[in-house]
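What follows is a short report on a single structure.
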Amino acid sequence: MKEEIFALKHIYKRFPLGEGEFTALKDLSLSMQAAEFAGLVGPSGSGKTTLLNIIGGLDQPSEGEAIVLGQDVAKMSAKAAANFRNLELGFIFQQFNLLPVYTVFENVEFPLLLQKKSKAERQKAVKEALEWLGIAHLANKKPDKLSGGEGQRVAIARAIVKRPKLILADEPTANLDAANAHNIMRLMRRLNQELGTSFLFSTHDEKVMAYLERIIHLRDGEIEKDEAKTPKTVSE
Ligand code: ADP
């Protein structure tokens, strides 16, 4: 049997709106298995980020069950959720979110400090992650000296350095030109295939969708279609 990465059951998310409330996710059930490369796709406001936030323990559902890597993220305290994110998940965002005063090496090392890894373990893991992403030569640079493609590689190295089973990537190519977007997608797909890391994207970008093997279409907070497809290969 394949390993279950997450299982969401009958999730509702309501936000206060004026006198009433707005339902951003409606009775949504979704699961993902180990080593999947999948994306949430849908119009702006369809609930993609809200769903990623719930899976990542950044927000809680109003109703429903959310088991992520065996843990019940719907019922965690804020502190437990922060711990869970730091230890178990990788995040990649469109604006990279690198810490400007630290070097590339220190940015990638950061998650391992939170995990309280030894210095020797940190150095080995950071070096490996930088080599994986082809950016070992950038180790001592500050983020403001990096191009967009380099910055996103650093962000991916930071996500992968703790070898999470699941990486959540919210519009990771939104600030990249077409050539960089393809390169970044090929890199993530290689990590997915070689390390077995599961990726869940949120995206509007056709270039991202081309590499996905599963597309979950959201509309008005509901799953409209959950589609398996043949992805573009990384050598194309
Ligand atoms: P998407 O990522 O697909 O663009 P979102 O998940 O960001 O969609 O938003 C889904 C809906 O929920 C939108 O209508 C948005 O305005 C609403 N929403 C999201 N976050 C909040 C919030 N914190 N408070 C109120 N409404 C919100």
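A few comments on the model shown:
- Considering the range 1-118, the qualifying strands (runs of 3 or more DSSP E), each wholly inside and each with 3 or more residues that are of a type outside the set (Lys, Arg) and farther than 28 Å from Gly149 by Cβ, run over 4-17, 20-33, 63-68.
- Residue match in the range 175-196 (condition: touching a residue at least 60 places away in the same chain (Cβ under 8 Å) and among the β-branched types (Val, Ile, Thr)): no
- Pairing each residue of the range 48-71 that is without any contact (Cβ under 8 Å) to a residue 12 or more places away in the chain with any residue that is within 15 Å of the ligand (Cβ to nearest atom), provided the two are 6+ apart or on different chains, yields C-beta distances under 6 Å for Asn53/Asp59.
- Residue match in the range 21-37 (condition: free of Cβ contacts under 8 Å to residues at least 24 places away in the same chain and surrounded by 16 or more Cβ atoms within 10 Å (Cβ to Cβ)): no
- Listed by position, the strands (runs of 3 or more DSSP E) enclosed by the range 162-236 that each have at least 3 residues that are surrounded by fewer than 19 Cβ atoms within 10 Å (Cβ to Cβ) are 214-219, 222-228.
Results for (1) out of contact with any strand residue (DSSP E or B) (no Cβ under 9 Å at 6 or more places or on another chain); (2) surrounded by fewer than 20 Cβ atoms within 10 Å (Cβ to Cβ); (3) modelled with pLDDT under 95; (4) not hydroxyl-bearing (Ser, Thr, Tyr), shown as yes or no for each residue.
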| site | (1), (2), (3), (4) |
| --- | --- |
| Val68 | no, no, no, yes |
| Asn83 | yes, yes, yes, yes |
| Glu88 | no, yes, yes, yes |
| Asn107 | yes, no, no, yes |
| Pro111 | no, no, yes, yes |
| Lys119 | yes, yes, no, yes |
| Ala136 | yes, yes, no, yes |
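- Tallying residues that are away from the ligand (no atom under 12 Å from the Cβ) and among the polar types (S, T, N, Q) within the range 1-53 yields 3.
- The listed residue being more than 18 Å from the chain's Cα centre (by Cα) and without any contact (Cβ under 8 Å) to a residue 40 or more places away in the chain, out of Ala129, Ala136: Ala136
The values are calculated or read from the model by the stated rules, or taken from the named source; none is laboratory data. Just so it is clear, the model here is predicted, and its values are computed rather than measured. Virtual Cβ from ideal backbone geometry, glycine too; neighbours counted across all protein chains shown.
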